[in-house]
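See below for the structure under consideration.
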Amino acid sequence: MTDVPPSFELLPGDRQSPVILHVPHSAREIPDDVRAGIVLDDGELARELDHITDAHTARIAGAAAERAGVTPWRFVNRLSRLVVDPERFPDEREEMLAVGMGAVYTRTTHGGVLRPDGVDATPLVERYFEPYARAMTRAVADRLEATGRAMIIDVHSYPSRRLPYELHGAGPRPPVCLGTDSFHTPPALLDAAREAFGETELDTPFGGTYVPLEFYGKRPEVSALMVEIRRDTYMTEPGGGPGPGLERLAAALAGLVDAVSR
């Protein structure tokens, strides 16, 4: 654990690329003062991080960016989602509050206590969530200004077996799940993703996409897709090292980036 790690990083791509590879859940870093508010001991926390972290997804996105003909931009969260989850609503709109996993988690993947009941989430939201949201909004606005469009491809992973926190985990668990939005996911983007990844399903076991609220439901020039990669296809679960599948997936993601950058 480090005292003040960088919260997020925007890695520049080609000036004419509309694509932002968004990697929100790949990190394990937790600042010391945030760690002090988590009730798990070090061993328990390490095991929770193994389950909740989308391990090696930043590496997949980085390798895809290197392979792509037109280099995409990358927006990478450098802190664990146990600090804040930048893709959750910070208020009662968030359905994951039902399992203690709003913007600031109070429960673990297995329903255990992560933070004490009644914890005030406001300081973490103000310190980490809101700056992240503002920076991502600026990144999308910059792509719109530069290219007339913006495309957010969320790079996630998920476990091969359902964890207790999953609200919609009873359905198929394909090698790649494509999360969609009726307004922001155009058919051409879905077709390109299916062509790039092969065996996919839509919105199972996870659905939806991430779009900054300034654009959500308002700007069709902002398109979005969530790519959820089943972990056993590229790594040892839970929390283990990567395998040969990682390079294959990076190549597939690069193919998707190239297809939608034209």
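Numerical summary
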quantity: Arg115, Arg219, reordered so the largest accessible area comes first (probe 1.4 Å); calculated: Arg219, Arg115
quantity: Cα gyration tensor, region 114-257 - rounded (a/c under 1.5), prolate or oblate; calculated: oblate
quantity: Simple Cβ-charge dipole of region 5-69, Lys/Arg +1 and Asp/Glu -1, about Cα centre, in debye nearest 20; calculated: 420
quantity: Crossing angle, helix 42-52 versus the chain [Cα axis fit, 0-90 degrees, rounded to tens]; calculated: 30
quantity: Only Lys, Arg (+1) and Asp, Glu (-1) charged, at Cβ; the chain dipole about Cα centre in debye; calculated: 600
quantity: Counting DSSP beta bridges with both ends in the chain, the antiparallel % (nearest 5); calculated: 35
quantity: Euclidean distance of C-alpha centroids, region 51-75 and region 188-262, integer Å; calculated: 10
quantity: The chain: angle of helix 57-67 to the longest principal axis, Cα-based, in degrees nearest 10; calculated: 20
quantity: Contour minus Cα-Cα distance for Asp191 and Arg78 (0.36 nm per residue); calculated: 37.6 nm
quantity: Shape category assigned to the chain from the gyration tensor of Cα positions, a/c cut at 1.5; calculated: prolate
quantity: nm² value of the averaged projected area, convex hull over the Cα atoms of region 1-156; calculated: 9.3
quantity: Kirkwood Rh in Å, taken over region 93-190 so that all alpha-carbon pairs contribute; calculated: 16.6
quantity: Length released on extending from Val119 to His51, taking residue separation times 0.36 nm less the Cα-Cα span; calculated: 22.2 nm
quantity: Accessible area in the full protein assembly, largest first, 1.4 Å probe, for Leu97, Leu11; calculated: Leu97, Leu11
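The values are calculated or read from the model by the stated rules, or taken from the named source; none is laboratory data. What you see is a predicted model; the values in this text were computed from it and never measured. FYI the Cβ positions are ideal-geometry reconstructions off the backbone, even for glycines, and counts take in every protein chain you see. Just the protein is used for accessible areas: all its heavy atoms, side chains included, with ligands, DNA and RNA removed. Shrake-Rupley method; radii C 1.70, N 1.55, O 1.52, S 1.80 Å.
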